[in-house]
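Some notes on the structure that comes next.
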Amino acid sequence: MGLDREQIVELLNEKDPQVVSNLFAEAYRIKVETVGEEVYLRGLIEISNICRKNCLYCGIRSDNSAVNRYQLTKDEVLDAAKFAIDAGYGSIVIQGGERHDKAFAKDIRILIKKIKRLSRENPLGITLSLGEQPLEVYEDWFDAGAHRYLLRIETSDNQLYNMIHPSDPIHSFNSRVQALLDLKYTGYQVGTGVMIGLPFQTAEHLADDLLFFREFDIDMCGMGPYIEHSQTPMWSLRTLLLPHEERLALSLKMVALLRLMMPDINIAATTAMQTLHPEGREMAIMAGANVVMPNMTIQQVRKEYKLYENKPGIEDDAAISKSRLEHFLNEKNIPIGWNRWGDSLRFRNR
Ligand code: 5AD
Ligand code: SF4
């Protein structure tokens, strides 16, 4: 649907509940018509909270000395991958802080290969979310068998980007855009996304984010509300934020609008939505999302991977997360795409 900037801004500002619920219903209809009714699951493995970056909003930023840093062993990651295979998820996401040492790049390559070997019968899809990396590293991991990559642009506005990141060369907007271009060039299905409800962010910024996604021709999107964290510099700006309910409502509108603008991409219902409402992810599915990433990180380290506070499911293990999510989806009669990669239709059709 050819929404222009003005129409997008208007819909983001829309307060009439009837108009908003029509928007969600239309996005859901378009989703079912284009990519189908099924929701795809990706088991999320948070391999490490060690990060070289210091983003001003993030709980695991390198300057936060209150965090216990961890790194899962290869066997722990492989156990999680086995869980995903047995659970019929079809795909996993390996997520972690950004590291640039050679040992890290090599460990990831070995891990990807081991996971591929582990799932020879019915290969697991592997998505990576490990930040900005040199092109050679992206290529190396792609050659090892990863085929999707998530790297959020965070905001498509250079000025706002600079406000929420330290001003130094490793937090540069241009490098972030370049990294997304490198990922596309390498052959990955590329996912990006933004945080919604940031201090100083306007409906116009968010409309431009959606237009950026369309212009970049992304394959996947994961976006969610910004959630304040007390151990970050941006905590001091919390009085400027929208109430949680409005931030969630805005996030759901973003999902619905993106579905109308790019009907054949994969859109995730994110954990941050669930943080603001216990059924936030299910609401996102009803507004056009088609991917959920249940957390499979072992329980012992989950509490150390807090990008934001009140992250749900910290006390759960993978089995509890799994049954809870399935229960919710069953209740809403939403079918799950078991044992499938659930690749982006847009990527396949390109
Ligand atoms: N609130 C919401 N999302 C956050 N992220 C990091 N910190 C926060 C926060 N405080 C998101 C960023 C990052 C992703 C891994 O987590 O968008 O890309
Ligand atoms: Fe590191 Fe990502 Fe957090 Fe930034 S948002 S500090 S890159 S984990």
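Here the calculated FRET efficiency for Ser65 and Ser230, from their Cβ-Cβ distance with R0 = 22 Å, stands at 0.95, rounded to the nearest 0.05.
Given their separation in residues at 0.36 nm each and the Cα-Cα distance between them, Ala25 and Leu118 gain 29.4 nm when the chain is fully extended.
Note on region 5-341: with charges restricted to the Cβ of Lys and Arg (+1) and Asp and Glu (-1), its dipole about the Cα centre is near 900 debye. From helices alone, the chain scores -13500 deg cm²/dmol at 222 nm; the rule is -39500 (n - 2.57) for each run of n ≥ 4 DSSP H residues, then divide by the residue total.
For a 4.7 Å threshold on C-beta separation, the list of partnerless cysteines in the chain reads Cys51, Cys221. For region 21-28, putting each phi into the Karplus relation 6.51 cos²θ - 1.76 cosθ + 1.60 with θ = phi - 60° gives couplings of 5, 5, 4, 5, 5, 5, 5, 5 Hz, in residue order, rounded to whole numbers and with x for Gly and Pro.
A straight Cα-to-Cα reach below 18 Å connects Lys114 with the aspartates and glutamates Glu46, Asp75, Glu76, Asp79, Asp86, Glu139, Asp140, Asp143, residues fewer than 8 places away in its own chain not being considered.
Looking at region 87-186, the GluC sites (Glu not before Pro) that sit in a DSSP loop and have at most 13 other Cβ atoms within 10 Å of their own Cβ are Glu121.
Comparing His244, Leu325, Phe216 along the charge dipole axis of region 5-341, the residue lying farthest to the positive side is Leu325, per the Cβ-charge model. Here the 3J(HN,Hα) profile of region 340-347, calculated from phi with Karplus coefficients 6.51, -1.76 and 1.60 at θ = phi - 60°, is 10, 5, x, 5, 5, 4, 4, 5 Hz, Gly and Pro shown as x. Here the contact order of region 5-341, divided by its residue count and restricted to Cα pairs under 8 Å and six or more residues apart, works out to 26 percent.
No lab work stands behind these numbers, since they all come straight from the coordinates. Everything numeric here is computed off the predicted structure, so don't read it as measured data. Backbone-built Cβ (ideal geometry, glycine too); neighbour counts: all protein chains shown.
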